Amino acid sequence: MDLATAPPAPLTRHHLHVAGDWVDPSSGDTIPVENPATGETIGEVPAGAPADVDRAVAAARAAFPGWAATAPAERAAHLDRLHAALAARADDIARTVASELGAPLKLATRVQAGLPLIVLRGMVELAARPAAEQVVGNSVVVREPVGVVGAITPWNYPLHQVVAKLAPALAAGCTVVLKPSELTPLTAYLLFDAVTEAGLPPGVVNLVPGTGPVVGEALAAHPDVDLVSFTGSTATGRRIAHLAADRIARVALELGGKSANVILADADLPTAVKVGVGNVLVNSGQTCTAWTRMLVHRDRYDEALELAATAVAGYRLGDPFDPATRLGPLVSAAQADRVRGHVDRAIADGARLVAGGPAAPLPPRGHFVAPTVLADVHPDSALAQEEVFGPVLAVIPFTDTDEAVAIANNSRYGLAGAVWSADEDAALAVARRLRTGQVDVNGGAFNPLAPFGGYRQSGLGRELGTYGVEEFTEVKAIQR
Ligand code: NAD
């Protein structure tokens, strides 16, 4: 059997990870895991229950004083061993993500397995630094770990989203209970295989798989969880914030987006459109930062639409394990239906189909949606306002920079964005006017040490880098 197509193993897991051990769940209920490229069930995991959350939180609470008191250099050494154990599993991780999410193997290898290793490497260095102290008049201001963290993560980047919480939480001295997405739980199990191999102290990290309404709510509402760190939809983030508010617990929320890619008249259009289309289509459009609104100056609008259609035609849909595949399926039948519904509604609302759409050919099975470009999308229409989370690009014309900025900021979200111009100062000036947590100018690369998070309904707080570590701390002022 070709290594690239060999199924990752194992695909069925029976245990939770609590207090440093693989332990039996409190019930025999299970959750099936599907391969979205075929629709077949490929494995299963336990469906955790509130009693399992209680056990895991108690383990994390018991481990907290010891981990919080561990010297930074020692915590960094633990993270370094975790990095090595994870790196040794990179192929298995990539093939597992390809199997349970449907991400093409190349993307699964480079981004889904590769990016968390980069983030974790950065955190090893940050963990080694003692928490910064500041003198303010007669006060010494110190940072201390916030305590037990409940981490709830989505399916679209099933390892990255976990590492982006777990690594800074551990670096700050917190202990963690993780509930991964029930759609992609197998990748999290590989992380906990690495945790076991790395020999992290018992209870410092714990795994309880299960559904959102059962395990997720039990974790968010748990009286002994000090901070709930959540990535997922805005609707679920709102629910989690309500649950945490009952006991005034802290929340960190990384939510949805509807980001704008502003292409000014003097931009290198072929590059801006090609990179913009790639940004929307990567991971089948299931990326919270996707620049799903392409705003193009009217003078270049028709040219941009042609370039977008050509770019989309280069994306071949198919088996994630086929090296020729650039676009996999969506994660589930429900997600694919939702995305198709958005496209149908946009056409009914007056958008013009430029590429893809309901009649485009698709692989015979699996939850595929054709990459789709819609032009003349009204800035107030549902397609321009709602997160689609699929391979769908809305193109909107503008006449001048003020109008471009107004359209870009006409959103309840504010996660990411892009600006393109031959004049970098002009692009930077626009970047400063966008009400979002991240902006890339002329294709500026993702920086895993830069703060990541959103304005408005895209979330609360920041992940990654020093900002990400500080998210997991409390601030104390000591006067003398
Ligand atoms: P989701 O909100 O349905 O689920 C996310 C997680 O929350 C899952 O683990 C789920 O089981 C859990 N959950 C669901 N209901 C819950 C409840 N009532 N209480 C507690 N937990 C609950 O989101 P999803 O469909 O997995 O992910 C897609 C969404 O995530 C998109 O909207 C996307 O924009 C967003 N997202 C945001 C970021 C970011 O960093 N801003 C990153 C990735 C995804």
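The values are calculated or read from the model by the stated rules, or taken from the named source; none is laboratory data. Values in this document were obtained by computation on a predicted structure and should not be read as measured data. So basically every Cβ, Gly included, is an ideal-geometry build from the backbone, and we count neighbours across all protein chains shown.
What is the one condition in (1) under 18 Å from the mean Cα position of the chain (by Cα); (2) surrounded by fewer than 24 Cβ atoms within 10 Å (Cβ to Cβ) that T153 does not satisfy? The number of the failed condition is (2).
Go over the candidates L255, L243 one by one and state the one that is within 11 Å of the ligand (Cβ to nearest atom) and buried (at least 24 other Cβ atoms within 10 Å of the Cβ). I'd like the intermediate steps shown before the answer.
Details: L243 fails: buried (at least 24 other Cβ atoms within 10 Å of the Cβ).
Going through L255, L243 in turn, the sole match is L255.
Evaluate the following for V111: is it outside the structural domain of G285 (by TED's automatic domain parsing) and free of Cβ contacts under 8 Å to residues at least 60 places away in the same chain? It is false that V111 is outside the structural domain of G285 (by TED's automatic domain parsing) and free of Cβ contacts under 8 Å to residues at least 60 places away in the same chain. Scanning the stretch 284-315 for residues that are free of Cβ contacts under 8 Å to residues at least 24 places away in the same chain and under 14 Å from A265 (Cα atoms) yields one hit, D302. The condition of being under 26 Å from the mean Cα position of the chain (by Cα) and of a type in the set (G, A, S) holds for A334. Looking across the stretch 6-54, the residues that are of a type outside the set (G, A, S), touching a residue at least 40 places away in the same chain (Cβ under 8 Å) and over 22 Å from I93 (Cα atoms) come down to P50, D52, V53, D54. All conditions but one from (1) part of a helix (DSSP H, G or I); (2) surrounded by fewer than 18 Cβ atoms within 10 Å (Cβ to Cβ); (3) without any contact (Cβ under 8 Å) to a residue 60 or more places away in the chain apply to A324; the one that does not is (1). Please go through the stretch 241-264 and give me each residue that is part of a loop (DSSP other than H, G, I, E, B), in contact (Cβ under 8 Å) with a residue 60 or more places away in the chain and not basic (K, R), ordered by number. Within the stretch 241-264, L255, G256, G257, S259, L264 qualify. Looking only at residues in the stretch 285-313 that are polar (S, T, N, Q) and under 18 Å from G417 (Cα atoms), the one that is farthest from the ligand (Cβ to nearest atom) is T292.
Can you give me the ranges of the strands (runs of 3 or more DSSP E) entirely in the stretch 2-43 with at least 3 residues that are touching an Asp or Glu at 6+ places or on another chain (Cβ under 8 Å) and at pLDDT 95 or above? Even if it seems obvious, please write down each step before you answer.
Details: elements: 16-18, 21-23, 30-35.
Correct list: 30-35.
Which ones in the stretch 47-100 are in contact with a strand residue (DSSP E or B) (Cβ under 9 Å, 6 or more places away or on another chain), over 16 Å from V176 (Cβ atoms) and of a type in the set (K, R)? Once the filter is applied, which keeps residues that are in contact with a strand residue (DSSP E or B) (Cβ under 9 Å, 6 or more places away or on another chain), over 16 Å from V176 (Cβ atoms) and of a type in the set (K, R), the stretch 47-100 yields nothing.
In the list Q479, Q385, Q457, which residue meets the criterion of being of a type in the set (S, T, N, Q) and over 24 Å from A235 (Cβ atoms)? Please lay out each step first, then the result.
Details: Q385 fails: over 24 Å from A235 (Cβ atoms); Q457 fails: over 24 Å from A235 (Cβ atoms).
When all the criteria are applied, what remains is Q479.
Every residue, every condition in (1) in contact with a Leu (Cβ under 6 Å, 6 or more places away or on another chain); (2) crowded, with 24+ Cβ neighbours inside 10 Å; (3) assigned by TED's automatic domain parsing to the domain that holds V439, yes or no:
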site	(1), (2), (3)
T211	no, no, no
V215	no, yes, no
A218	no, yes, no
A221	yes, no, no
D224	no, no, no
A235	no, no, no
A249	no, no, no
D266	no, no, yes
L269	no, no, yes
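Would you please name the residue that is farthest from the ligand (Cβ to nearest atom), looking only at residues in the stretch 211-240 that are β-branched (V, I, T) and in a loop (DSSP other than H, G, I, E, B)? Per the stated criteria, the residue is V225. Pairs linking a residue in the stretch 351-362 that is assigned by TED's automatic domain parsing to the domain that holds A382 to a residue that is among the aromatic types (F, W, Y) and in a loop (DSSP other than H, G, I, E, B), with Cβ atoms under 7 Å and 6 or more positions apart or on different chains, are L362/F368. Summed over the stretch 449-480, residues that are crowded, with 18+ Cβ neighbours inside 10 Å, more than 13 Å from the ligand (Cβ to nearest atom) and assigned to a loop (DSSP other than H, G, I, E, B) total 1. Going through (1) buried (at least 23 other Cβ atoms within 10 Å of the Cβ); (2) within 16 Å of the ligand (Cβ to nearest atom); (3) not β-branched (V, I, T) one by one, N279 falls short only on (1). Taken together, R432, R412 contain a single residue that is surrounded by fewer than 16 Cβ atoms within 10 Å (Cβ to Cβ), assigned to a loop (DSSP other than H, G, I, E, B) and at pLDDT 95 or above, which is R412.
Highlighted here are the strands (runs of 3 or more DSSP E) found entirely within the stretch 122-210 that include at least 2 residues which are within 16 Å of the ligand (Cβ to nearest atom): 148-152, 175-179, 205-207. Checked against (1) under 25 Å from A47 (Cα atoms); (2) within 16 Å of the ligand (Cβ to nearest atom); (3) buried (at least 22 other Cβ atoms within 10 Å of the Cβ), P116 passes all but condition (1).
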